[in-house]
Every structure is written in structure tokens, then in C-alpha cells.
Amino acid sequence: MSRTVIDSDTNGEKPPPEDDHAFLGHPRGLLTLSGLEVWERFSFLGMQAILVLYFAASVSDGGLGMAAGTAASVSAAYGTLVYLVSVAGGWLADRILGSYRAVLWGGVLIACGHYAMAVPTAAMTWAGLGLISAGTGLLKPNVATMVGKLYRTDDDRRDAGFALYYMAINIGAFAGPLITGWLADHQGYHWGFSAAALGMTLGLIQYVAGRRHLAGRKHAAEFALAPDAMRRAVRLIIVGAVVVAALGVLLAAVGWLTMDRFVDLLTIVSVIAPVVYFWVMFTSPRVTAEERGRLKPYVVLFLASVVFNFILFQAYSTMILLASGNARTTILGFDFPASWYASALGAFEVALAPVVAAVWARMGHRQPHASNKIAFGVILGGLSFLLMVLPTSGHADDTYRMAAWWIVGSYLLLGLGDVLLETSGMSATSKLAPKAFASQTMSLWFLSLALANGIQAQTVKFYDDVSKPVYFGVNGTVAVAAGLAVIALAPWLRRTMHPVH
């Protein structure tokens, strides 16, 4: 599962000319950046596949002993924090660090976070999650930007290059849960976190080793602040971070900042941030009337993304809890950890992405409009949850075990939905954004993911309080209804989204 942005900027240092077709007809730097993302997704999603199980496991079993709904809520809050921090990551790269250093230091923070989580204490777990959140916020929005810098805007290989990059991401998403899940099941959760740490370390090593093949690797930021302004900004960031950390520790020490309140605070921020962002764009004098008209349909697509990702992110929370407690973990006589189900999502996306691309290419101008592709993705996400109503219904207690193929089938629908929404949503985002905010498009995309996680952090609290058919049925129905609403708006969307097809 990936979230990327396409950037057309080619400023900065250029890779050696002989590199331009050295990797499957693409720049060699694509191999370096794709390799980094394989290991980053390996570590991030490998850890996330076992995180909710670690939260929910009893203390005697090496976990933190949370109730299932609380475990899912805290896991979602972590995702909210990651994507909120990502909004600042692009600005730090543009104004202070530069893309190469932002990605490098982001990777270092991520690796340190995973190593911290390998230490079997609750305090190190929370410290580790904080480091990973900060590191991912630096790395994620900038590594994809560096991919864009390998190509000229008019380079015909550009889309194919991002397709290879997208596939590399999902290879990591497939492999991570397999390794971390097996280690967590056989050796303990902290061994799984150790594997995530090692994976990120390997990614950093090959990133540094291949830096000469990257564009934009110079140390200075491309749109750097003036020296005095930069010194003030650095001081403000350091002081602000220290003050926020100290205030958090103080409020936690006096008992006010509980885990529930922290989750609620992140949800509130995730709601306010996109509202403010859209308000700024709609009221900015730098946005023309025509551009403002294209922003209106984008609000619909933004909300559709929120609904779909609300379902998608539960592949690593409630679906893993369901698989752990109520699904068989045996296929053809082979026993496997419940967290391995998460690998099915990455596998399906790797397999389905080229198929979907080929279908759209074959259909040419007859293919569905971008808004309908997004709507179909949302509907498939809803159906993946509605499918869970069938095997969870009609049981007097919670000791039943559904066949593995139910969960796998749900992830198949979810993976196809993600491919449809991801490819069309990002393309539409880049085309509908006002020129004055073109470089900040990634921030808006990440805010939709933060909001999805923020909403999820509240709704998953009910996972323990209602029956599973009701939980999956209501959430799935809402998603399907949202997708159908987007289809109903198709005539207006086609008219107002020009030039998006």
C-alpha cells in the first residue's frame, strides 16, 4: 500500500548522463530510490502488521494488554500522527534540509525508532513510535519527489517509472509482514520490531551508496530561506519541539494527558487541518476563479479518498484483530501467523497494478472518467467490509473460525480498490491544484490520509462494543453509499474537472 506524489521539478544536481537508461531503460537513480522504498515499506508495514496485535496481547504474552478496540484506536492515532507530520516534511526539505538530506535523516529517525521498539519496555515503544512518525514525515513526501526529479516533465518514461516505483513499494508491503509476523509469532514481538529496524538500515545503506545516481542530491535546499530566516526557523523548530515534548510529559505526569485524550486531540487536528487548508486555497487572491471552480469537485474526491482510506487502513487494525481471533490460520495444512494476512494486500496490489494499467491503455478514450474510477475504488473498499458480514453472522459466541479465503477475498477487493483510487486520485490531485499551490499538493493528499486515520481512531473504539456483523456492515455500507454518491455526481464532476478525464 503506497501513498506517493509526482513532482515535475528537475532542479538540483543531475545524475551522470550514462545513468539515464541504466535500469530497465530508466535512470539508475530509480533503482536506488525504489530500493529505499522497498525497505521503508518493509519496515513500516511489517511493524504495523504486528503493532495492533502487540497492543492487544496480554502482558504475560509480551504485549501491552489493551482491549481490542483501544488497540485499534491507538494504532490508528499513530497513523494520523505520521501523515500530519508529513505535511511539514515537504516544507523542511524545500526550505531547510534539501530533498536528499530530508530523506536521509528521515530514514535515520525511522531506523532509530524501530531499534527503540526492539527494547522490551513500554517507554521505549512510545519513544520508538514518536521517532518513526517524525522520520516517516521527513522521508515519505520527499523520496517520491526525488523520483520525479529523475525525469524531465515531458519524458515519456515518467509514468512507467512511477509504475515501477509503485510496484517496489508494494513488494516491501508484501514482504514485511511475512518476516515480522513470523518472528513475532515464534520469537516475540520485539524480534519482529528488530527485523523492521534491520530492513530500514539496509535501505539507508543502499540509499547512501547510490547517491551519485540521484538528482537533487545537493546539500542546500532548493528554495532555501535566507540565512537569518533559516537560523530563526531552526531555533523555532528546536524550541517548539522541546516545549511540546516537555508540555506533553508534564500533562501526562499530572494525569491530564491520557491515551484517550491524546487520540482525541489528534482526531481534532486531523479534522481542522484540511478545513483550514481548503479555506486558505478558496480565499487566496492568488487562486483564479477558474481554479477555484476546479477546487469544488476536488473536495468531493478528497472526501471519497477519506472514506476509502478509512476502510483501507483497517487492513492493519480491525481486520488483523479479526483474523487473529476469528479466522483460521491454516492453508493446505500449513500454519501461519495471523499477521501474514496483511501481506495479501501488497501481493494483490503488485499483481493488479499492471493489469489495471493495461486495461486502461487498451480502452483508451473509452475508459471511465477519473471520478468514476475513484468511485469504483470506494465501492470496492466498502464491499470488502460487507463481505465480512457473511462469515461473522449467526454465531452465538466469539470462538468461531472462518475459512482463510474470506479474509483473502476481502483483501483482494481492497487491493483492487486501492489501485483504482491511488492511480486516479493522485493524477487528479496534481491537475486540479491551483498553480499557486502546486508544490503543496502533496500536503493536501496526506491530509486526506490523516483525516481517514483520525476518524478511524474514533470509530474502531466500537469494535468491542457491537457485534462484528454490525461493525463491518455499517462501515461497509457507508463506503458503498459514498461511492454511489460520487457516481451520481459524475455529470457535474466531468463538467467541472476539466481537463481531468
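Dipole magnitude for the chain: about 1180 debye, using +1 per Lys or Arg Cβ and -1 per Asp or Glu Cβ, origin at the Cα centre.
Accessible area ranking (1.4 Å probe, heavy atoms, ligands and nucleic acids excluded), largest first, for Phe282, Phe462: Phe462, Phe282.
For the cross-link pairs Lys373/Lys435; Lys431/Lys461; Lys140/Lys435; Lys140/Lys296; Lys140/Lys468; Lys149/Lys435, the ones whose C-alpha atoms lie over 29 Å apart are Lys431/Lys461; Lys140/Lys468. Note on surface exposure: Lys435, Lys461, Lys373 rank Lys435, Lys461, Lys373 by accessible area, highest first, 1.4 Å probe. For a paramagnetic label modelled on Leu484 (point 7 Å from Cα along Cα→Cβ), amide N atoms under 19 Å away belong, within region 359-380, to 372-380.
The heavy atoms of Ser467 present about 60 square angstrom of accessible area, all protein chains included, probe 1.4 Å. Backbone geometry of region 446-455 corresponds, through the Karplus equation with coefficients 6.51, -1.76 and 1.60 at θ = phi - 60°, to 3J(HN,Hα) couplings of 5, 5, 5, 6, 4, 5, 4, 5, x, 5 Hz, x marking Gly and Pro.
Only helical DSSP H runs with n ≥ 4 go in: add -39500 (n - 2.57) per run for the chain, normalise by residue count and round the 222 nm mean residue ellipticity to 500 deg cm²/dmol. Provide the component values of the computation, followed by the final result.
Working: 17 runs with 355 residues, N = 501.
The helix contribution divided over the chain gives -24500 deg cm²/dmol.
Reducing region 348-424 and region 246-306 to their Cα centroids gives an inter-centroid distance of 28 Å. Look at (i) 55, 27, 22; (ii) 33, 28, 24; (iii) 49, 28, 21: the one that is semi-axes √(5λ) of the Cα gyration tensor in Å derived from this structure is (ii).
The residues of the chain have, on average, 41 Å² of accessible surface per residue, using a 1.4 Å probe with all protein chains present. Projecting label points 7 angstrom from Cα along Cα→Cβ for Val474 and Met259 puts them 2.3 nm apart.
Taking amide H as placed 1.01 Å from N in the peptide plane, the amide H of Leu489 sits under 5 Å from none that are at least 5 places away or on another chain. The portion of the accessible surface of the chain made up by carbon and sulfur, rounded to a whole percent, is 68 (1.4 Å probe; DNA, RNA and ligands excluded). Accessible surface comparison of Leu33, Leu64, probe 1.4 Å, protein chains only, largest first: the order is Leu64, Leu33.
Mind running the shape call on region 331-428? Use the C-alpha gyration tensor, a ≥ b ≥ c as the square roots of the eigenvalues: rounded below 1.5 for a/c, prolate if a/b tops b/c, oblate otherwise.
prolate
Under 9 Å from the Cβ of Thr496, count the other residues' Cβ atoms, weight Lys and Arg +1, Asp and Glu -1, and hand me the total. Intermediate results must be reported in sequence, preceding the final value.
Working: positive: Arg294, Lys296, Arg494, Arg495; negative: none.
Value of the local net charge: +4.
The values are calculated or read from the model by the stated rules, or taken from the named source; none is laboratory data. Source: prediction; values computed, not measured. Methodologically, a virtual Cβ is constructed for each residue, glycine included, from the backbone with ideal geometry; neighbour enumeration extends over all protein chains shown. Quick note on the areas: whole protein, heavy atoms, side chains included, nothing else; ligands and nucleic acids left out. Shrake-Rupley method; radii C 1.70, N 1.55, O 1.52, S 1.80 Å.
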